[in-house]
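S.K.: Shown below is the structure under consideration.
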2 protein chains.
Amino acid sequence: MKKTNGKDLVKEITLDDIKKSIGGKVVFGACVHKVRSMSGFAFVILRTGGYIFQSVYSPETCKANIDDICEGAYIRIVGEAKEEKRAVYGVEITLLDFTVLSKPEAQYPLHVSDRKIGCPIETSMQYRSVALRNPRERAVFKIAEGVCGGFREFMIKEGFTEVHTPKINAAGAEGGANIFKLEYFGQEACLAQSPQFYKQTCVAFFDRVFEIAPVYRAEKHNSTRHLNEYIGLDFEMGFINDMTDVMAMETAMLKYVVEYLEENYQKELKILEAKLPKITSIPIVTFFEALDILGKSHKQADLDPQDEIKLCEYAKENWDSEFIFVEKFPGRKRPFYAMDSKEDEKLAESFDLLFRGLEITTGGQRIHDYNELVSKMERYNMKPEDVGAYMEIFRYGMPPHGGLGIGLERLVMKLLDLQNIRQASLFPRDINHLDP
Amino acid sequence: MKKTNGKDLVKEITLDDIKKSIGGKVVFGACVHKVRSMSGFAFVILRTGGYIFQSVYSPETCKANIDDICEGAYIRIVGEAKEEKRAVYGVEITLLDFTVLSKPEAQYPLHVSDRKIGCPIETSMQYRSVALRNPRERAVFKIAEGVCGGFREFMIKEGFTEVHTPKINAAGAEGGANIFKLEYFGQEACLAQSPQFYKQTCVAFFDRVFEIAPVYRAEKHNSTRHLNEYIGLDFEMGFINDMTDVMAMETAMLKYVVEYLEENYQKELKILEAKLPKITSIPIVTFFEALDILGKSHKQADLDPQDEIKLCEYAKENWDSEFIFVEKFPGRKRPFYAMDSKEDEKLAESFDLLFRGLEITTGGQRIHDYNELVSKMERYNMKPEDVGAYMEIFRYGMPPHGGLGIGLERLVMKLLDLQNIRQASLFPRDINHLDP
């Protein structure tokens, strides 16, 4: 009878492995990223999941025949590792032999081995699985991994519990027109616009929770800053004094994420020539102060994209911050569950965080008292039964709490100075793209 | 101008914090879990996000009045921490004062403070936000967090990249009847039945990837082992020799997860009286060998739930393993992308992992050669255009690869010996439950 023991795990080769093998043999699988033929020899550039290694082929030293490979072929190589200062990472591999594992049916339609893919975003969407083979394109998603990794590590350290809440929700729970609807065994259901109700529910038993999960908005925007399916980084925390506790938590988290990226993703940050922000503290202005800065009337009820750009420029010039919090928005533009401000019930204890000209977060303090929520819903012409089981969490008691949601792709886009949010999504969903 | 600096983060109290404060003051927010009135004093059991602390109220030592609180109220307490061997964790808090933060509108309809909630699953589903306030009920989801945490840590250590792939997919991509359909800007779309096509695509540029994300199955089952939305733990790896490399990776991962739980979740394991499996290696039988063990005809094309239970009993008795791999299933019961077995093309390089009587994983080696895939699809009466952009990844080259998917809730259910999979889902989605 066979067993899985005694079997070594197949390993992914790392730069460290190769450096440790200098002067000795290395064996690993890779994609032929590029072949540069010279007179009498060739450079065979090998792409692994994390690296681009330079190898040298010569008919004198290599048993296999270079005519058997092409760009895009997958091979298993046997080589000798040596130092070579002119190569990336300072190492080079002399090919002694290779086996062809598979060959492509067609040539890449894009310049995969160029430093930059250099095609319009639409072409890169059309040939998504090819475009992402470009080391710079894929590096974006190592950074996205790092943002999630840093976020998660920080949250766990601060006593938050990671939760998974359902994305098929009862219809109309949070309202609004931008909802993807579906039929759920004869009932009308919708895709979660946020984990709002569920993460609040979790505060009732975990005090503080976070979630990294897809979020759905059926907006018909076709802009450089909207996706119809994106990853939300959400957290919700109980026992806050006011929403500045949430803002302080976000500031500390973002600082942590930047340090986490600097520590673990240097290779990708270099490929992407990323300039990470320095975060010490983040300035906070009220919505009305923001309008004053913009020279606009207090009658305006929300910020538009141009306002966001100008406020960030202002914060950079005056406070040397690439982030700025805007708080206390007019309540009528905020959801019904936002707590009213004590100083003016027309304002909500709600905030946005802007970063490099773009809103990346909406958050705030939520109403936790059952009767206060019922009376606010009356003002909004809503009935408790409109929100399903949501009222029940307040009926049985909730601590004061607040939280926020961050759009992962927006944060990554701005961290890396990408021009289009689609560049920060592996397989973007927009009004025109559903496949791949 | 306000800034977020200089503001301390609101902390969640831990047992360590209290132990360090023995003889001194502690201040923290908590829920009144239970009040046990004695003659002249009362035990006030405090529930925080992670703990149940015992505190003692006496009118002589506490400024606040105990008549102001009830079970389910949220309070901020000031107390003195002291050792008390008879209390859980060996610590007790003498209440010096408290402030009421919020009071519930109604009494809990369930026995939240009992050791076990003791109500039928249907009642616990109806009052979900109440049931989960029971420490044993919520502990399940700390274990789920730990399973994901261990899985993720292992995968990253092994050089896998964490990805996020879209859950709104082009209709019919993977086929089958159990699909939730929705309209996507005038096109027919469906919810992902698995990240299969996308994780394979990612192998083209990251070699090995994993994802933790929701999976949708519109199955009309109303059983103790099916959910219509669940969390899939998926991985996919390139450069495998055959599917035993995938099985070896899963074995090592499960071993890691068990150790991770033992190291980080002792408190919850104790509450749940969990008996974690010992994993050294996992036996592998072929599908036909499995039928022989069961005394069944080789004409049977798949295993049924009773077969799974019996095979696990057999593995436990004969090989002292609570896990058993079954490999080389008849191809006609496996998806078109499964690689045919070399020894018999009617068999697929596909496996299941059974654990304590339940299938928790399906995996295998996939076809990586474009022409082999085209010819297999012909046998399945499929056309390349049926699968959208999927064929493109093979056209431009793929290494040999394989992977698997694990149902998180099934794994947690079996790890904790739960009787119904709904107990392992925060907000279960089944044919009758869409809210909360």
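The values are calculated or read from the model by the stated rules, or taken from the named source; none is laboratory data. Values in this document were obtained by computation on a predicted structure and should not be read as measured data. Heads up, the Cβs are rebuilt from the backbone with ideal geometry, glycines too, and the neighbour counts pull from every protein chain shown.
Per-residue answers, yes or no, for (1) buried (at least 20 other Cβ atoms within 10 Å of the Cβ); (2) within 30 Å of B:Glu183 (Cα to Cα); (3) among the small types (Gly, Ala, Ser):
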| position | (1), (2), (3) |
| --- | --- |
| A:Ala144 | yes, yes, yes |
| A:Phe160 | yes, no, no |
| A:Val163 | yes, yes, no |
| A:Lys167 | yes, yes, no |
| A:Lys181 | no, yes, no |
| A:Tyr184 | yes, yes, no |
| A:Glu188 | no, yes, no |
| A:Tyr198 | yes, yes, no |
| A:Ile212 | yes, yes, no |
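S.K.: Yes or no: A:Glu183 without any contact (Cβ under 8 Å) to a residue 12 or more places away in the chain, among the charged types (D, E, K, R) and more than 10 Å from every other protein chain (Cβ to nearest Cβ)?
M.R.: Working: without any contact (Cβ under 8 Å) to a residue 12 or more places away in the chain: yes; among the charged types (D, E, K, R): yes; more than 10 Å from every other protein chain (Cβ to nearest Cβ): no.
Taking the combined requirement at face value, the residue does not satisfy it.
S.K.: Taking the residues in segment A:109-123 that are crowded, with 19+ Cβ neighbours inside 10 Å and in contact (Cβ under 8 Å) with a residue 24 or more places away in the chain as candidates, determine which candidate is farthest from the other protein chains (Cβ to nearest Cβ).
M.R.: Among residues in segment A:109-123 that are crowded, with 19+ Cβ neighbours inside 10 Å and in contact (Cβ under 8 Å) with a residue 24 or more places away in the chain, the one farthest from the other protein chains (Cβ to nearest Cβ) is A:Ser113.
S.K.: Now a separate question. Considering every residue within segment A:4-19, establish whether at least one is under 20 Å from B:Met398 (Cβ atoms) and in contact (Cβ under 8 Å) with a residue 40 or more places away in the chain.
M.R.: no
S.K.: Considering segment A:295-338 alone, what residues qualify as being of a type in the set (Ser, Thr, Tyr) and either within 14 Å of another protein chain (Cβ to nearest Cβ) or over 24 Å from A:Gln196 (Cα atoms) (or both)?
M.R.: In the first step, residues of segment A:295-338 are kept if they are of a type in the set (Ser, Thr, Tyr); the result is A:297, A:314, A:321, A:337.
Passing the criteria: A:Ser297, A:Tyr314, A:Ser321.
S.K.: Moving on to the next point. Which one is nearest to the other protein chains (Cβ to nearest Cβ) among residues in segment B:40-81 that are over 40 Å from the mean Cα position of the chain (by Cα) and either in a strand (DSSP E or B) or not hydrophobic (A, V, I, L, M, F, W, C) (or both)?
M.R.: For segment B:40-81, the residue satisfying everything is B:Asp67.
S.K.: Here's a follow-up. Where residues in segment A:294-315 are crowded, with 16+ Cβ neighbours inside 10 Å and part of a helix (DSSP H, G or I), which of them is farthest from the chain's Cα centre (by Cα)?
M.R.: Among residues in segment A:294-315 that are crowded, with 16+ Cβ neighbours inside 10 Å and part of a helix (DSSP H, G or I), the one farthest from the chain's Cα centre (by Cα) is A:Leu294.
S.K.: While we're on this one: If you check B:Leu373 against the conditions, is it over 30 Å from B:Ala189 (Cα atoms) and modelled with pLDDT of 95 or more?
M.R.: Taking the combined requirement at face value, the residue does not satisfy it.
S.K.: Turning to a different aspect of this structure: Please name all residue pairs, on different chains or six or more residues apart, with Cβ atoms under 6 Å, provided the first residue is in segment B:336-351 and is within 16 Å of B:Asn241 (Cα to Cα) and the second residue is of a type in the set (Val, Ile, Thr) and buried (at least 19 other Cβ atoms within 10 Å of the Cβ).
M.R.: Here the result reads B:Met339/B:Ile367, each pair linking segment B:336-351 to a residue that is of a type in the set (Val, Ile, Thr) and buried (at least 19 other Cβ atoms within 10 Å of the Cβ).
S.K.: Can you pull out every residue in segment B:345-356 that is at pLDDT 95 or above and among the acidic types (Asp, Glu)?
M.R.: Those that are at pLDDT 95 or above and among the acidic types (Asp, Glu): B:Glu349, B:Asp352.
S.K.: Something else now. State yes or no: is B:Arg366 more than 24 Å from the chain's Cα centre (by Cα) and crowded, with 23+ Cβ neighbours inside 10 Å?
M.R.: Yes: the conditions hold for B:Arg366.
S.K.: In segment B:159-180, what residues are at the interface with another protein chain (Cβ under 7 Å from one of its Cβ atoms) and either under 30 Å from A:Gly150 (Cβ atoms) or assigned to a strand (DSSP E or B) (or both)?
M.R.: B:Gly159, B:Thr161, B:Glu162, B:Val163, B:His164, B:Thr165, B:Pro166, B:Lys167, B:Ile168, B:Ala170, listed by residue number.
S.K.: State all residues of segment B:52-72 that are in contact with a Leu (Cβ under 8 Å, 6 or more places away or on another chain), closer than 26 Å to A:Phe160 by Cβ and buried (at least 19 other Cβ atoms within 10 Å of the Cβ); if no residue qualifies, say none.
M.R.: Across segment B:52-72, the qualifying residues are B:Phe53, B:Gln54, B:Ser55.
S.K.: Residues of segment A:70-107 being closer than 26 Å to B:Leu373 by Cα and either aromatic (Phe, Trp, Tyr) or touching a Lys or Arg at 6+ places or on another chain (Cβ under 9 Å) (or both), which ones?
M.R.: Within segment A:70-107, A:Cys70, A:Glu71, A:Gly72, A:Ala73, A:Tyr74, A:Phe98, A:Thr99, A:Val100, A:Leu101, A:Pro104, A:Glu105, A:Ala106 qualify.
S.K.: Looking at segment B:188-292, what helices (runs of 4 or more DSSP H) fall wholly within it and have at least 3 residues that are facing chain A (nearest Cβ under 8 Å)?
M.R.: B:196-206, B:244-264
S.K.: Among the residues that make up segment A:235-257, is at least one of them over 30 Å from A:Thr201 (Cβ atoms) and modelled with pLDDT of 95 or more? It would help to see each step written out before you state the result.
M.R.: Taking segment A:235-257 first, the residues over 30 Å from A:Thr201 (Cβ atoms) are none.
Checking segment A:235-257: not a single residue is over 30 Å from A:Thr201 (Cβ atoms) and modelled with pLDDT of 95 or more.
S.K.: Please find, within segment B:316-350, the residue that is surrounded by the fewest Cβ atoms within 10 Å (Cβ to Cβ) out of those that are of a type in the set (Ser, Thr, Tyr) and more than 21 Å from B:Arg410 (Cα to Cα). Break it down stepwise before answering.
M.R.: First pass over segment B:316-350, keeping only residues of a type in the set (Ser, Thr, Tyr): B:321, B:337, B:341, B:350.
Then drop every residue that is not more than 21 Å from B:Arg410 (Cα to Cα), which leaves B:337, B:341.
Numbers: B:Tyr337: 23, B:Ser341: 20.
This residue is B:Ser341.
S.K.: Would you mind stating whether A:Leu95 is assigned to a strand (DSSP E or B) and touching a Pro at 6+ places or on another chain (Cβ under 7 Å)?
M.R.: No.
S.K.: Taking the residues in segment A:24-39 that are of a type outside the set (Gly, Ala, Ser), free of Cβ contacts under 8 Å to residues at least 60 places away in the same chain and under 26 Å from B:His368 (Cα atoms) as candidates, determine which candidate is farthest from the other protein chains (Cβ to nearest Cβ).
M.R.: A:Val35
S.K.: Please verify whether segment A:214-230 includes one or more residues that are over 16 Å from A:Gly364 (Cα atoms), hydrophobic (A, V, I, L, M, F, W, C) and buried (at least 24 other Cβ atoms within 10 Å of the Cβ). Working first, answer last.
M.R.: In the first step, residues of segment A:214-230 are kept if they are over 16 Å from A:Gly364 (Cα atoms); the result is A:214-230.
Add one more test, that the residue is hydrophobic (A, V, I, L, M, F, W, C), and what stays is A:215, A:218, A:227.
Among the residues that remain, those that are also buried (at least 24 other Cβ atoms within 10 Å of the Cβ) are: A:227.
Within segment A:214-230 (the criterion being over 16 Å from A:Gly364 (Cα atoms), hydrophobic (A, V, I, L, M, F, W, C) and buried (at least 24 other Cβ atoms within 10 Å of the Cβ)), the answer is yes, since at least one residue qualifies.
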